[in-house]
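The values are calculated or read from the model by the stated rules, or taken from the named source; none is laboratory data. Here the structure is a predicted model, which means the values were calculated and not measured. Cβ placement follows ideal geometry from the backbone for every residue including glycine, while neighbour counts extend to all protein chains displayed.
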Amino acid sequence: MRIGDVDIRGLRDVDTGTVRRVMSLRSGTLFRQDALYQTQRDLYGMGVFNSVNVVLADSIAPQAPGADSTVRVLVQVAEGPRHQLRFGGGYGSVECFRVQGGWAAHDFLGGARSLDLSARVSKLGGTPKVSTGLNQFCNPFGGTWTFDTLNYSVGLTLRQPAFLSRRNVGTLGLLVERHSEFTVFTREAIGGNADLTLNTRSPLPVTVGYSYSFGRTQANAGVYCSVFRVCDPTSQEFLRKKHGFGAASVTILRDRVNNVLDPTEGSIATVNLVHASRLIGSDSAYEFNRGEFEVAKYYPIGRRSVFAWRVRGGTILPRKLTIAAQKVAYVAPDQRFYAGGPNSVRGYGRNELGPQVYVLIADRRPHRLWTPPQPTGQAERRYFARATACRAVFRRDRPAATR
């Protein structure tokens, strides 16, 4: 049985040709039930429809012996608002108070493309003294904070589905940011990116991209001296100056979870490869190859609990940089791996997992360093107390020795 006519109803402002270009159903192709579901997801992904219903209207018997029967498909849509505003706020022990907002235009200038403007400001109230214990909570009324202590980002993203092929998605972005990790580094930069996601409807979509930014990354003097063996102020000032950072990346995703926001079954795996060198626009301070993978697995246990584990690993191969007549395997602080924090091993603060290694330099103050390479692991079991709340028990393993 093949698909015959595809009847689209309910359009008001969106062009019919745009809808046909985005959806998976095509007249004359073999009928598959999952193509109806995929078309529904395709059209919801445009962001301009409040509802999408894809059903079989009727079937027509073959008119000639040996010919396939055909089925007519009805696509019923209801358009929603073309523009959306969003606002949000929150509190975190490291980021203190934060606010964010955005504006999105769907079907921007036609063609199903979308334009999104977003902004975020955090650390409204300063930073805590440490990232663990009772002192990890910032006190917005007990200290001083200025614009220089804030984290902020402003981004503009243009997204084009069905780019070159209905299976591809193209993205262009611009970003201005100030980002800092607790007691580790501060990054100020402006840049942009161009990404192309291939085979978005396949089991293994691949995203290839290029990004370029111009800015500076600052770390404390103890890190430069002990980790990179760069102790003289002149060389440290060179590393703190503004540098161009150009990188080409490839990301492979395998998503098999049953819920994007709160998965209870399935797995998700990601592999990311990054190359940065002078051949693609980077300064000498940003030349390296980086590889990273992450695997997470979820197991339902009964009706109200889930067991999950996650493994993350990676490596960085830097090119040696000549500073003060010596070669240094330098990796910028914002490109390194860190153990601890909400995106690593929960229960430990950022850069707080591992041996407590400090160094004293000219100012006689101890400076926290990065830890040596070490394996980390995490597993959790969630117990659902209610439909909208859950509690978790974590198990964290910390190696007794590092290399």
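Can you tell which of Ala276, Ala329, Ala248, Ala308 is closer than 25 Å to Thr200 by Cα and touching a strand residue (DSSP E or B) at 6+ places or on another chain (Cβ under 8 Å)?
Of Ala276, Ala329, Ala248, Ala308, the one residue that is closer than 25 Å to Thr200 by Cα and touching a strand residue (DSSP E or B) at 6+ places or on another chain (Cβ under 8 Å) is Ala248.
Are any residues in the range 103-135 modelled with pLDDT of 85 or more and of a type in the set (Asp, Glu), and if so, which ones?
First, pick out the residues of the range 103-135 that are modelled with pLDDT of 85 or more: 103-106, 108-109, 113-122.
Asp116 - this is the single residue of the range 103-135 that is modelled with pLDDT of 85 or more and of a type in the set (Asp, Glu).
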Taking Ile280 as the residue in question, decide whether it is closer than 18 Å to Arg381 by Cβ, among the aliphatic types (A, V, I, L, M) and touching a residue at least 40 places away in the same chain (Cβ under 8 Å).
no
Total residues in the range 274-329, condition within 22 Å of Phe214 (Cβ to Cβ), modelled with pLDDT of 85 or more and assigned to a strand (DSSP E or B):
8
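Out of the residues in the range 14-38 meeting the condition of being in contact (Cβ under 8 Å) with a residue 40 or more places away in the chain, hydrophobic (A, V, I, L, M, F, W, C) and assigned to a helix (DSSP H, G or I), tell me which one is nearest to Pro81 (Cα to Cα).
In the first step, residues of the range 14-38 are kept if they are in contact (Cβ under 8 Å) with a residue 40 or more places away in the chain; the result is 14-15, 18-19, 21-25, 31, 38.
Of the ones still in play, those that are also hydrophobic (A, V, I, L, M, F, W, C) are 14, 19, 22-23, 25, 31.
Going one step further and asking which of them are assigned to a helix (DSSP H, G or I), we end up with 19, 22.
On the way: Val19: 17, Val22: 19 Å.
Out of the qualifying residues, it is Val19.
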Here is a list of conditions, (1) at pLDDT 90 or above; (2) out of contact with any Ser or Thr (no Cβ under 6 Å at 6 or more places or on another chain); (3) surrounded by 13 or more Cβ atoms within 10 Å (Cβ to Cβ), and Gly88 meets all of them except one; can you say which number that is?
(3)
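Would you check which residues across the range 3-52 are farther than 19 Å from Ala78 by Cα and surrounded by 15 or more Cβ atoms within 10 Å (Cβ to Cβ) and list them?
Within the range 3-52, the subset farther than 19 Å from Ala78 by Cα is 3-5, 26-35.
If the condition is that a residue be farther than 19 Å from Ala78 by Cα and surrounded by 15 or more Cβ atoms within 10 Å (Cβ to Cβ), then Ile3, Gly4, Phe31, Ala35 are the ones that fit.
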Residue count, the range 72-103, condition more than 25 Å from the chain's Cα centre (by Cα) and aromatic (Phe, Trp, Tyr), comes to 0
Name the pairs: first residue in the range 164-179 and over 15 Å from Leu198 (Cα atoms), second residue of a type in the set (Phe, Trp, Tyr) and not in a loop (DSSP other than H, G, I, E, B), Cβ to Cβ under 9 Å, at least 6 apart or on different chains?
Val176/Tyr152; Glu177/Tyr152; Arg178/Tyr152; His179/Tyr152; His179/Phe185
Selection from the range 162-173 of residues surrounded by fewer than 17 Cβ atoms within 10 Å (Cβ to Cβ), in a strand (DSSP E or B) and of a type in the set (A, V, I, L, M) yields Leu172
Does Ala189 fit the bill of being of a type in the set (A, V, I, L, M), buried (at least 18 other Cβ atoms within 10 Å of the Cβ) and on the phi > 0 side of the Ramachandran plot?
no
Per the filter on the range 171-220, residues closer than 30 Å to Thr149 by Cβ and in contact with a helix residue (DSSP H, G or I) (Cβ under 7 Å, 6 or more places away or on another chain) are Val184, Phe185, Arg187, Arg216, Thr217, Gln218, Ala219
Filtering the range 194-222 down to residues that are among the charged types (D, E, K, R) and over 16 Å from the mean Cα position of the chain (by Cα), which residue is modelled with the highest pLDDT?
Arg216
Residue within the range 228-239 that is assigned to a strand (DSSP E or B) and surrounded by 15 or more Cβ atoms within 10 Å (Cβ to Cβ) present:
no
Return a yes/no flag: does the range 204-211 have any residue that is surrounded by fewer than 18 Cβ atoms within 10 Å (Cβ to Cβ) and outside any strand (DSSP E or B).
yes
